[in-house]
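Quick notes on the structure that follows.
The values are calculated or read from the model by the stated rules, or taken from the named source; none is laboratory data. Remember, it's a predicted structure, so these values are computed and weren't measured experimentally. Here the Cβ positions follow ideal geometry from the backbone for every residue, glycine too, while neighbour counts run over all protein chains shown. Remember, those area values only see protein heavy atoms, side chains included, never the ligands or the DNA or RNA. Shrake-Rupley method; radii C 1.70, N 1.55, O 1.52, S 1.80 Å.
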Amino acid sequence: MKIRVLILSLFASSFAFADDIKQLAPTVVTATRVETNSFDLPVSIDVVDEENIKFGQLGMTLSESLIRVGGMTANNRTQMAQDPQISSRGFGARSAFGVRGIRVLVDGIPLTMPDGISQPGSVDLNNLKSIEIMRGPFSSLYGSSSGGIINLRTEDISKIPEVNAGLMFGSYGTRKENLGASGTVQGIDYMIDVSNFHTNGYRDHSQSNKNQATFKLSTIANNNSTKITLLGNWFDQRADDPIGLPRVASSVAASAFSDPKKVSAATSETNARVMRNNAQIGLNFEHVINDHNSLNLMTYVGHRYNSQWLPTGVDQLANTKATDNGDGKNSLYQRSFWGTDIRWTNKGNVFERPYSFSSGLNYGYMSDARLEKNAYKGQLLSESSSTNFIKRDEINIGYNFDQYFQGQISPVDKIDLHAGVRRSTVGLRIEDHINDPSKYVAGDGTTYKYLDGNGELNFQKVTPVLGLVWKADERLNVYANYGKGFETPTFIEIAYTESYGGQPNFSLKPSKSENYELGFKAFVGTNTRVNAAVYKVNAYQEIVASTSGTYSVYTNAGKTNREGFELSVDSALPYNFNLYGSFNYLDATFQSSFTDASGGVRKDNKIAGTYREQIYGEISWKYPEFGFKTALEAKHNSNVYVNNSNTDQAPDYTIYNLRAGFEQALSKWKVKEFVRIENLTDKDYIGSVRVNDSKSYFFEPGAGRNYLLGINASYQF
């Protein structure tokens, strides 16, 4: 309660300072697909700038930057085997693997597959200039599974040749090195960056190694009317997976609350881990036809390899609960994917009123070759010694084909009307290579794999959106919006019907939603910017985890309701101080009863994984004469339920972080040093939760007090 009073009182005090710096709202491209001042848009959209992405940050997970954004939950899982838990207004909270319910882009190029699974770890955050985060109805203009949009924007290429190098090291044997170069050669701008990361991890069995490389090429032709940009990224990673811990210790697992660094016996004996690599290249072609028309063509192609080793807790031959903690499995997929988007933009005047619109086509394709084999103590079983050696051998093929239109017009002074519509078609098909029903024996779990697993799902939905901005005066805009959305199940979510495997779940339906939002954006004095919004989301057939773990099973929950409030304040104070804060309130509930693996779920239960209150506060200070800057951060999360039945929860917590650094410019050199201390008070807390975990290993402990030191040097020729 003290942190809430402190930060909210700081919010109030910021209105008293009105004489220093004009705070301009950032320019964004995500909402309308063309550069627009965010102050004039009828949407909730925030920008994390380059300084807050890089200064005093490790730069390995999006959660480092997104914790400051209202409406977003971004939890650091204190391990690198899984992507960070990211959700937008509760969409995506169910995810145990990858990011779901949110579309992730890099320079407009999708990092989200046609089935809705996102892999944000593909991008090196060291190469970003900003992150745009949009919530609310207009997210659905990017297709299905759009509870929100995260658009990662890479840094502009320096016209002056430059080389740079960086080194970081910190607690738990953490270190990171990077090298980069940029410049212009014969009219082609180039940027290349490589990095290496290693950590032993806060918890036992959480070591990770990751190598990354990024390149960007850009050129302008046809008398500056055409711009061509080529962007590529690659990474190779190996990470141990500490998985979660239960509340109460047992003979096979320590308690997350008394021994947070420990892992379960099954985790260590099966050597739970992941090995993955990813390569993707994208091309963006922008052409200005004339003063009123432009054309944009984007296309991309990539490949991903992912090999995951997990404990099963099931005897591989008898398919019963095992007393041997060495039983596990290896799930492997190799994914090929590609896609394209072509868009025409027109702007001008009609009846002397300004307008603009964009219309386009979008196609995406993915093909996963999936293979699942039984393992024992981290090694594959001998194929000759086990009739149950291969459990899954299939091809998953997904695609989307969408058409969209989005426009804006100012029908009268001080009123802007925004509208759009998208028609989405999504197809998911499974080709089962283990298909011999004659070998299936009722009651024998080892023969489930022989049941026919072939099938396909096809979904279509039209999602309209409408928004209005009233420009009350130069310092105040009031807006409202409404829209429909839908979210298809991913291949992971339709994979199983039983907690030990079984056939694909072709009965899973897409979730549909209606979204309402009302908000305002204001400048207070000359130095303070305030954004606020209230929203309501009614969802139907919401996809939820029935049980999560080695074999996650999903179901449709009927109707759910989300009601929330978001507030952010950014104020430049006297004497080079700056105050920033965000507050998020979310009441996410089930509005109909249903049954999952844990039993009956009652109406009005909270949606697991959603936090009722989240607060972020930061006060920073700069001393330009010495090139010094520092910031104190505070983060508060309320308690959160870990299962749909609401029988257990992770407690609330508040942590404080400190970052500080210097910057020197010496002739052609620029040198930056920083130090970061996280969890200043060494607070014991649960940093993230595993929703509806089948073994009740719900809790992933956050790290204790830890430090990070870094130095970066660049030289311009």
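The Cα center of the range 672-717 and the Cα center of the range 21-67 differ in position by 22 Å.
Computed about the Cα centre, the dipole magnitude for the chain is approximately 380 debye when only Lys and Arg (+1) and Asp and Glu (-1) carry charge, each at its Cβ. Computed over protein heavy atoms with a 1.4 Å probe, the accessible surface of the range 77-155 works out to 12 Å² per residue. When its C-alpha radius of gyration is set against 2.2 N^0.38 Å (N residues), the chain gives a value of 0.94.
With the convex hull of the Cα atoms taken as the outline of the range 625-696, the averaged projected area works out to 7.6 nm². In the calculated pair distance distribution of the range 399-551, what percentage of Cα-Cα distances lie above 29 Å? That tail contains 45 percent of the Cα-Cα pairs. Under the convention that each Lys and Arg Cβ holds +1 and each Asp and Glu Cβ holds -1, the size of the dipole of the range 448-590 around its Cα centre is about 240 debye.
Restricted to Cα atoms, the range 51-182 shows a radius of gyration and a Dmax of 15.4, 46 angstrom.
Taking all protein chains together, 693, 107 sort by accessible area into 107, 693, largest first [probe 1.4 Å]. Once you reduce the range 193-235 and the range 476-554 to the center of their Cα atoms, the two points are 29 Å from each other.
Among the listed pairs 176/635; 216/461; 227/484, those whose Cα-Cα separation exceeds 27 Å are 216/461; 227/484.
Annotation: for a label point projected 7 angstrom from Cα along Cα→Cβ of residue 34, residues of the range 411-436 with backbone N closer than 20 Å are 411-422. When the GluC sites (Glu not before Pro) in the range 21-119 are filtered for DSSP coil states and for at most 15 other beta-carbon atoms within 10 Å of their beta-carbon, the remaining sites are 35. For the range 253-381, the dipole from Cβ point charges (+1 on Lys and Arg, -1 on Asp and Glu) about the Cα centre works out to 220 debye, to the nearest 20. For the range 108-219, the alpha-carbon radius of gyration amounts to 1.31 times the rule-of-thumb value 2.2 N^0.38 Å expected for a compact globular protein.
Rounded to the nearest percent, how much of the accessible area of the chain (1.4 Å probe, protein heavy atoms only) is carbon and sulfur? Exposed carbon and sulfur together represent 56 percent of the surface. Kirkwood radius, the range 501-628, all distinct C-alpha pairs, inverse of mean reciprocal distance: 18.0 Å. Rg and Dmax over the alpha-carbon atoms of the range 512-562 stand at 18.4, 55 Å. Per-residue Karplus couplings for the range 702-717, computed as 6.51 cos²θ - 1.76 cosθ + 1.60 with θ equal to phi - 60°, are listed in order as x, 6, x, 4, 8, 10, 8, 10, x, 9, 9, 10, 10, 9, 9, 7 Hz, Gly and Pro entered as x.
Given the rule -39500 (n - 2.57) for each run of at least 4 DSSP H residues, summed and divided by the residues of the chain, what is its mean residue ellipticity at 222 nm, to the nearest 500 deg cm²/dmol? It comes out at -1000 deg cm²/dmol, rounded to the nearest 500. With Cα atoms as the point set, the range 29-83 shows a radius of gyration and Dmax of 13.7, 40 Å. Considering only the Cα atoms of the range 343-424, their convex hull presents on average a projected area of 9.7 nm².
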